[in-house]
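Undergrad: Input: one structure, supplied below.
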Amino acid sequence: MADSSHEIVARIGNGVAAFEAAAWDACAGGANPFVSHAFLSILEESGSATARAGWQPLPIAVEGADGALAAVAPAYAKSHSQGEYVFDHAWADAYQRAGGHYYPKLQVAVPFTPVPGPRLLLRDESAAPHLIAAIEAVTVQNGLSSAHATFVTAEQVPLFGAAGWLIRTDSQFHWQNHGYASFGDFLAALSSRKRKTIRREREEAVRGLDIRHLTGSDLTEAAWDAFWEFYQDTGSRKWGRPYLTRTFFSLLGERMPDKVLLMLAYRGDRPIAGALNLIGADTLYGRYWGAVEEVPFLHFELCYYQAIDAAIARGLKTVEAGAQGSHKLARGYVPVPTFSAHYLPDPGFRAAVADFLKRERAAVAREIEFMGELAPFRRG
């Protein structure tokens, strides 16, 4: 489609790999590794995010008058609602009971990744309305039920709101670095009882184990083989089958080695557990965890405490340790709101969902306030 008054042209790509990496990344920026050309193309090339898996890549791009990319959105035609972490199964059921076809739908997201980040990747900020209009046009022209932009940054929520999209809120638990020079500094900010609990958990978790942080050239195939075993075990229990392929991890280590922090717990020479993190400009993103031996508190150690250690060492402001998990609260991770935006062309469906979201937002706000009051930090 074209808008001659602004000399804007929008097009759909046959996958992220169809775009030049430099042009894509000029829109994406370098702060969030998940929206980079490298990460998204690895998902495609590894066979993880494909039409066969129910994630048909359909990136939507807006070109400027010079023919260069002005903005782009990582978008996918979805035949199900798996791997999204913003649950709309009830919406799908209601729409289909009313005689509609909820699938396929359009998902503007990073597959399998509940990490807040930009969903409108903008080299030219003025292109945002055109990109949103293009997403809407793709939805309507292809007879899709809806479009959903999930885990949108707070800064981009007003862009979707101004276009009339419905805004949904949820929450996650993030750790914030308040200028700590060490883990001990962080502990000093907690109540005495919580400090003792965390020290005890850490001591028990690492007893007889060696924790190693691997990044860059240390990410060998042997390390990925070990982590693949952990990931398969966790994936089969949580989702029925793992979302990512073994090839994904090899490509990640090959093409983004300096953005990866893999933490492995060894008993002697044998790795028994691991946690995978990606490194952003100011945030450490915890993604996957798994173990082949059950050790008390080792999950907390690898996923939460070691992540805090790593963030402090790197001067990072935040640790995002994944979706859900109120148990993170006692470990110093505090509740923060997360956002998604939804375009529903059917007016009756839109009205029903809007009413639901109004009530849901109020409930989420109350929960965040309540959970925040339970944070383990010292008062006064």
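Undergrad: Along segment 341-354, what does the Karplus equation 6.51 cos²θ - 1.76 cosθ + 1.60 (θ = phi - 60°) give for ³J(HN,Hα), rounded to whole Hz, x for Gly and Pro?
TA: 10, 9, 10, 10, x, 5, x, x, 5, 4, 5, 5, 5, 4
Undergrad: Counting Lys and Arg as +1 and Asp and Glu as -1, what is the net charge of the other residues whose Cβ lies under 15 Å from the Cβ of ARG97? Can you show the working numbers first?
TA: Numbers: positive: none; negative: ASP88, ASP93, ASP346.
Around ARG97, the charge tally is -3.
Undergrad: Report the trypsin sites (Lys or Arg not before Pro) located in segment 129-219 that are in a DSSP loop and have at most 15 other Cβ atoms inside 10 Å of their Cβ, or state none. Let's see the in-between values first.
TA: Numbers: sites: ARG168, ARG193, LYS194, ARG195, LYS196, ARG199, ARG200, ARG202, ARG207, ARG212; in loops: ARG207.
Filter output for segment 129-219: ARG207.
Undergrad: Which value, in debye to the nearest 20, gives the size of the charge dipole of the chain about its Cα centre, when Lys and Arg are +1 and Asp and Glu are -1 at the Cβ?
TA: Details: 37 positive and 41 negative charges, 288 e Å.
Here the chain has a charge dipole of around 1380 debye.
Undergrad: Also, I was wondering about something else. Pairs LYS105/LYS317; LYS259/LYS358; LYS105/LYS358: which exceed 29 Å Cα-Cα?
TA: Numbers: LYS105/LYS317 35 Å; LYS259/LYS358 38 Å; LYS105/LYS358 23 Å.
LYS105/LYS317; LYS259/LYS358, as the Cα separations exceed 29 Å there.
Undergrad: Which of the trypsin sites (Lys or Arg not before Pro) found in segment 309-380 are loop residues per DSSP with 14 or fewer other Cβ atoms within 10 Å of their Cβ?
TA: Those that pass, being in a loop and sparsely packed, are ARG378, ARG379.
Undergrad: For segment 19-111, which trypsin sites (Lys or Arg not before Pro) are in a loop by DSSP, counting at most 13 other Cβ atoms within 10 Å?
TA: On the way: sites: ARG52, LYS78, ARG97, LYS105; in loops: ARG52.
Taking segment 19-111 and a limit of 13 other Cβ atoms within 10 Å, the loop trypsin sites (Lys or Arg not before Pro) found are ARG52.
Undergrad: Give me the log10 of I(q) over I(0) for segment 178-311 at q = 0.12 Å⁻¹, as the Debye formula computes it from C-alpha points; what are the numbers?
TA: For the requested q values the scattering log ratios are -0.49.
Undergrad: Extent of segment 4-151 along each principal axis, from alpha carbon coordinates, in Å, largest to smallest?
TA: 47, 36, 24
Undergrad: Now, a different point. May I ask you to evaluate 6.51 cos²θ - 1.76 cosθ + 1.60, the Karplus curve with θ = phi - 60°, for each residue of segment 177-183 and list the ³J(HN,Hα) values in order in whole Hz, giving x for glycine and proline?
TA: 8, 8, x, 5, 8, 7, 4
Undergrad: With an 8 Å Cα cut-off and a minimum separation of 6 or more residues, compute the relative contact order for the chain in percent. Working shown, then result.
TA: On the way: 713 pairs, mean separation 75.2, N = 380.
Relative contact order of the chain: 20 percent.
Undergrad: Now a separate question. Spin-label point model (7 Å from Cα, Cβ direction): what's the THR220 to ALA362 distance in nm?
TA: Result: 5.9 nm between the two label points.
Undergrad: Skipping prolines and chain starts, which residues have an amide H placed within reach, meaning under 5 Å, of the one on SER171, given they are 5 or more residues away or on another chain?
TA: The list, which skips near neighbours in sequence, is THR338.
Undergrad: Show that you can apply the helix-only estimate: for the chain, add -39,500 (n - 2.57) for every DSSP H stretch of four or more residues, divide by all residues, and state [θ] at 222 nm to the nearest 500. Present the calculation step by step, with values, prior to reporting the outcome.
TA: Numbers: 11 runs with 131 residues, N = 380.
Estimated from H runs of four or more residues: -10500 deg cm²/dmol.
Undergrad: Got a sec? Charge dipole of the chain, +1 on Cβ for Lys and Arg, -1 for Asp and Glu; which of LEU374, PRO57, MET263 is way out at the positive end?
TA: LEU374
Undergrad: Next up: Would you mind checking which residues have amide H under 5 Å from GLY83's amide H? H placed 1.01 Å from N; only 5 or more apart, or other chain.
TA: none
Undergrad: Quick one: which residues, 5+ away or cross-chain, put their amide H under 5 Å from the amide H of VAL334? H built at 1.01 Å from N.
TA: Close amide H contacts, sequence-distant or interchain: HIS174, TRP175, GLN176.
Undergrad: Also: Report, ordered by chain and residue number, the aspartates and glutamates lying within cross-link reach of LYS328, taken as a straight Cα distance under 12 Å and ignoring same-chain residues fewer than 8 apart.
TA: Correct list for LYS328: GLU301, GLU320.
Undergrad: Let me ask something else. log₁₀ I(q)/I(0) of the chain at q = 0.10 Å⁻¹, via Debye over equal Cα point scatterers, no solvent, to two decimals?
TA: -0.68
Undergrad: Could you pull out the longest piece of the chain with no exposed loop GluC sites (Glu not before Pro) in it, calling a site exposed if DSSP puts it outside H, G, I, E, B and it has at most 14 other Cβ atoms within 10 Å? Walk me through the numbers on the way to the answer.
TA: Details: sites that count: GLU7, GLU20, GLU155, GLU293, GLU294.
That gives 156-292 as the longest site-free run.
Undergrad: Among all the aspartates and glutamates, which ones have a C-alpha under 14 Å from LYS78's C-alpha, if same-chain residues fewer than 8 places away are not counted?
TA: ASP88
Undergrad: With +1 on each Lys and Arg Cβ and -1 on each Asp and Glu Cβ, how big is the dipole of segment 316-380 about its Cα centre, in debye rounded to the nearest 20? Don't skip to the answer; put the middle values down first.
TA: Working: 10 positive and 7 negative charges, 62 e Å.
My answer is approximately 300 debye.
Undergrad: Quick one: among HIS130, HIS89, HIS299, which has the greatest mean-square fluctuation in a GNM of the chain with alpha-carbon springs under 10 angstrom?
TA: Ranking HIS130, HIS89, HIS299 by mean-square fluctuation puts HIS89 first.
Just so you know, all these numbers are worked out from the coordinates, no wet-lab data involved. Quantities reported herein were computed from a predicted structural model and do not represent experimental measurements. A quick note on method: Cβ atoms are made from the backbone with ideal geometry, for glycine too, and the neighbour counts reach across all protein chains shown.
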